[in-house]
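S.K.: Questions regarding the structure given below will be posed in turn.
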Amino acid sequence: MPELRTSQHFIGGRWVEPASGEYFESTNPATRQALYRAARGNAADIERAVAAAKKAFEDPGWRDLSQTRRGHLLRRLGDLIAANSEELAHMETEDNGKLLREMRGQLTTLPEYYYYYAGLADKIHGDFIPTSDRQVLNYTAREPLGVIGAITPWNSPLTLTSSKLAPALCAGNTVVIKPSEYTSATVLKLAELALEAGFPPGAVNVVTGFGAEAGQALVDHRDLAKISFTGSTATGSRIAAATASRFIGSTLELGGKSPNIVFEDANIPNAARGVVAGIFAAAGQTCIAGSRVFAHRSVYDELLERVSERAKSIRIGDPLDETTELGPLAFEGQRDKVAGYVDLGRSEGARVLVGGHPADGGLGGYFYEPTILVDVDNSMRVVREEIFGPVLAIMPFDTEEEVVRLANDTEYGLAAGVWTSNLSRAHRMAARLDAGTVWVNTYRAMAPMSPRQGFKASGVGVEHGTETVKEYTRLKSIWINT
Ligand code: NAD
């Protein structure tokens, strides 16, 4: 048995032993085999990382580096990601079980995140403000915040980390990242590539470890200017309380239970494909999963038949195999959580039309069958709570009024899908749905240029687009008596 690879923290541009001397195993969820041992971070490691980030921010002056140069470095990082895309795709597939096919797709667009913010780096500026007093000149400046703490989940480590890292660096901040304990590998590689691109040591630091230890220590650190968090609503709520009490900002990208609504005038084969991709991509482990489907009663049977037939034919197996369509859940606890929710659905009176069992994907991993629940309604926990797995609840509706009410009857407000050929209805629905992103006749479209925000318990603050850069700066107003 070859010895497991060990990864340390990445602090101040160097690999650093954890202060505790302890490591924990990360496992390939498709095979259950141990992949590598990651450093178990604690408050002492966070202390070192924040100090390194603070030093890089203040001296030798990342904050004062020309904006053109910052943009240049971001572009180089994008190029390096592109050059290493095959290795990154394999690493993340092995670490969290996402299909290699999906990872290759993600890696083709990931450099765009860096190119987009590279282009914005030299367009961050304040304004001249004319006031009624001609004697006094007033102008504003946009300043970087300082050290940003970025805490990310396991379901899409590279993309979700880049959504924070690229705009934070673009605005002149330095960053300490605490990736999920289940998926440290690609985030560490990203930090290494940032150094190679020419970012100063300490501009990008990674402390690996558990939420309650390294994550909590990062949130509590007195020198942090902001926390940018993506993860569950429960953790986000705790972080919101901690940051609010210290008057520092937070961007929170949280959970979802998104509705996908199919009207009678929709192209039903297209809608069925959208429903399947909406819930079963990444084995349902996406915040935007279309986990609640509302189908107009007149097309309910046809849609259900198409979606069920497709769900039954989905090929479960090795995520490295190009022909596989559904990989594993990311770890054992997540597989058990999904199984627990399906059992709960049964006890609540739901009927399992398709799936409903764990699977081993031929590799002994943490797989779960694509599952469709019917005879469900909004009073059931399986319809109200985020399952974060390949489990779809599908319900009929009769009127537009009714479906707006049903779709909005949730604590979440992340995303929604609408399938219709009626343009007026599309606009009406887009306006009335309480969700930060609304897709019409498509699902999952996303780009670094397009802002996204979770409404209600799905989050606070904007990611992507130009808006997010503002969230990584502070606005200063300067008055000069001429
Ligand atoms: P999680 O909240 O359990 O963990 C997220 C991160 O927070 C991890 O790095 C974890 O170690 C850390 N953490 C946990 N407790 C902490 C604490 N007390 N203090 C500081 N850090 C702590 O979430 P998860 O299970 O890793 O991710 C799945 C969730 O993420 C789902 O709810 C999903 O919807 C959400 N998500 C949201 C988006 C979005 O853009 N809205 C995107 C992807 C995932």
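Computed from the coordinates by the stated procedures, all read-outs in this text should not be read as laboratory data. The structure presented is a predicted model; accordingly, all values stated were derived computationally and were not measured. For neighbour counting, all protein chains shown are included, and Cβ atoms are generated from backbone atoms with ideal geometry for every residue, glycine included.
S.K.: Nearest 5 is fine: what % of DSSP beta bridges in the chain come out antiparallel, could you say?
M.R.: Around 45 percent antiparallel, to the nearest 5.
S.K.: Continuing with the same structure: What's log10 of I(q)/I(0) for the chain at q = 0.09, 0.11 Å⁻¹, Debye sum over Cα points only, no solvent?
M.R.: Evaluating at q = 0.09, 0.11 Å⁻¹ gives log10 I(q)/I(0) of -0.62, -0.91.
S.K.: A further question on this structure: Taking a virtual spin label 7 Å from the Cα of Gln67 along the C-beta vector, which residues in the range 448-477 bring their backbone nitrogen under 12 Å of it?
M.R.: 470
S.K.: Compute the Kirkwood hydrodynamic radius of the range 210-286, taking the inverse of the mean of 1/r over all pairs of distinct Cα atoms, and give it in Å to one decimal.
M.R.: 15.2 Å
S.K.: With a cap of 14 neighbouring Cβ atoms within 10 Å, and only residues DSSP puts in a loop, list the chymotrypsin sites (Phe, Trp or Tyr not before Pro) found in the range 217-302.
M.R.: Phe247
S.K.: To the nearest 10 degrees, how steep is helix 268-280 against the longest Cα principal axis of the chain, on a 0 to 90 scale?
M.R.: Compared with the principal axis, the helix lies near 60 degrees.
S.K.: Counting only helical runs of four or more DSSP H residues, what would the 222 nm mean residue ellipticity of the chain come to if each run contributes -39,500 (n - 2.57) and the total is spread over all its residues?
M.R.: Calculated from helices alone, the mean residue ellipticity at 222 nm is -12000 deg cm²/dmol.
S.K.: Would you mind ranking Met395, Met446 by Cβ crowding within 10 Å, fewest neighbours first?
M.R.: Going from sparsest to densest Cβ surroundings: Met446, Met395.
S.K.: Also: Using only the alpha-carbon atoms of the range 124-260 as identical scatterers, what base-10 log of I(q)/I(0) does the Debye formula give at q = 0.12 Å⁻¹?
M.R.: Taking Cα atoms of the range 124-260 as identical point scatterers yields -0.53.
S.K.: Moving to a separate point now. Could you size up the charge dipole of the chain around its Cα centre, putting +1 on the beta carbon of Lys and Arg and -1 on that of Asp and Glu, and report it in debye to the nearest 20?
M.R.: 1180 debye
S.K.: Would you please calculate the Kirkwood hydrodynamic radius of the range 107-148 over all C-alpha pairs and express it in Å, rounded to one decimal?
M.R.: Averaging 1/r across every pair of different Cα atoms and inverting gives 13.5 Å.
S.K.: Can you list the equivalent-ellipsoid semi-axes of the range 48-98, largest first and in whole Å, using the square root of 5 times each Cα gyration tensor eigenvalue?
M.R.: In descending order, the three semi-axes are 30, 17, 6 Å.
S.K.: What net charge is computed for the residues neighbouring Ala194, neighbours being all others with C-beta under 15 Å from the C-beta of Ala194, Lys and Arg scored +1, Asp and Glu -1?
M.R.: Net charge around Ala194: +4.
S.K.: Over what distance in Å are the Cα centres of the range 318-390 and the range 191-254 separated?
M.R.: 31 Å
S.K.: Take the range 300-368, compute every pairwise Cα distance, and split them into 5 Å bins from 0; I just need the percent in each bin.
M.R.: 3, 16, 21, 21, 21, 12, 4, 1
S.K.: Sticking with this one: Let me check I've understood the local charge: for Arg246, count other residues with C-beta under 14 angstrom from its C-beta, Lys and Arg +1, Asp and Glu -1. What total comes out?
M.R.: Net charge around Arg246: +1.
S.K.: Net charge within 11 Å of Gly465 by Cβ-Cβ distance, Lys/Arg positive one each and Asp/Glu negative one each, not counting Gly465 itself?
M.R.: That works out to -1.
S.K.: Among the listed pairs Lys123/Lys164; Lys55/Lys164; Lys178/Lys476; Lys257/Lys470; Lys54/Lys476, which are separated by more than 24 Å between their Cα atoms?
M.R.: Lys178/Lys476; Lys257/Lys470
S.K.: Order by neighbour count: Leu188, Leu392, fewest other Cβ atoms within 10 Å first, most last.
M.R.: Listing Leu188, Leu392 from fewest to most nearby Cβ atoms yields Leu188, Leu392.
S.K.: Continuing with the same structure: Lys/Arg Cβ at +1, Asp/Glu Cβ at -1, dipole of the chain taken about the Cα centre: which of Phe57, Ala44, Ala244 is farthest positive-ward?
M.R.: Phe57
S.K.: Can I ask one more? Go through the range 143-159 residue by residue and turn each phi into a ³J(HN,Hα) via Karplus (6.51, -1.76, 1.60, θ = phi - 60°); whole Hz please, and just put x for glycine and proline.
M.R.: 10, x, 7, x, 8, 9, x, 10, 10, 10, x, 9, 7, 8, x, 5, 5
S.K.: Here's another thing I want to ask about it. Counting pairs of alpha carbon atoms under 8 Å apart in space and at least six apart in sequence, what relative contact order in percent does the range 1-92 give?
M.R.: Relative contact order of the range 1-92: 22 percent.
S.K.: Sticking with this one: Compute the FRET efficiency between Ser379 and Arg32 as 1/(1 + (r/R0)^6), taking r as their Cβ-Cβ distance and R0 = 30 Å, and round to the nearest 0.05.
M.R.: So, using R0 = 30 Å, E works out to roughly 0.20.
S.K.: Which semi-axes, in whole Å and largest first, does the equivalent ellipsoid of the range 363-413 have when worked out from the alpha carbon gyration tensor as the square roots of 5 times its eigenvalues?
M.R.: Output for the range 363-413: semi-axes of 26, 12, 8 Å.
S.K.: So if each residue of separation counts as 0.36 nm, and I subtract the Cα-Cα distance between Arg14 and Asn138, what length gain in nm does that give?
M.R.: Taking Arg14 through Asn138 to full extension adds about 40.3 nm, to one decimal.
S.K.: Helix 100-120 sits at what angle to the longest principal axis of the chain, using alpha carbons and giving 0 to 90 degrees rounded to 10?
M.R.: It works out to around 40 degrees.
S.K.: Compute the convex hull volume of the Cα atoms of the range 1-61, divide it by the residue count, and report the result per residue in Å³ as a whole number.
M.R.: Convex hull volume per residue, Cα atoms: 96 Å³.
S.K.: Given 0.36 nm per residue, what is the gain on full extension from Arg5 to Ala82 after removing their alpha carbon distance, in nm?
M.R.: Fully extending the segment from Arg5 to Ala82 adds 25.3 nm.
S.K.: Give, in nm to one decimal, the length gained when the segment between His125 and Arg238 is fully stretched (0.36 nm per residue of separation minus the Cα-Cα distance).
M.R.: Separation in residues times 0.36 nm, less the Cα-Cα distance, equals 37.3 nm.
S.K.: Let me ask another. Take the range 208-350, drop everything but the C-alpha atoms, weight them equally and run the Debye formula without solvent; then report log10 I(q)/I(0) at 0.15, 0.19, 0.20 Å⁻¹ to two decimals.
M.R.: -0.93, -1.17, -1.23
S.K.: How big is the Cα convex hull of the range 311-452 in projection, averaged over all directions, in nm²?
M.R.: Over every viewing direction, the Cα hull of the range 311-452 projects on average to 10.3 nm².
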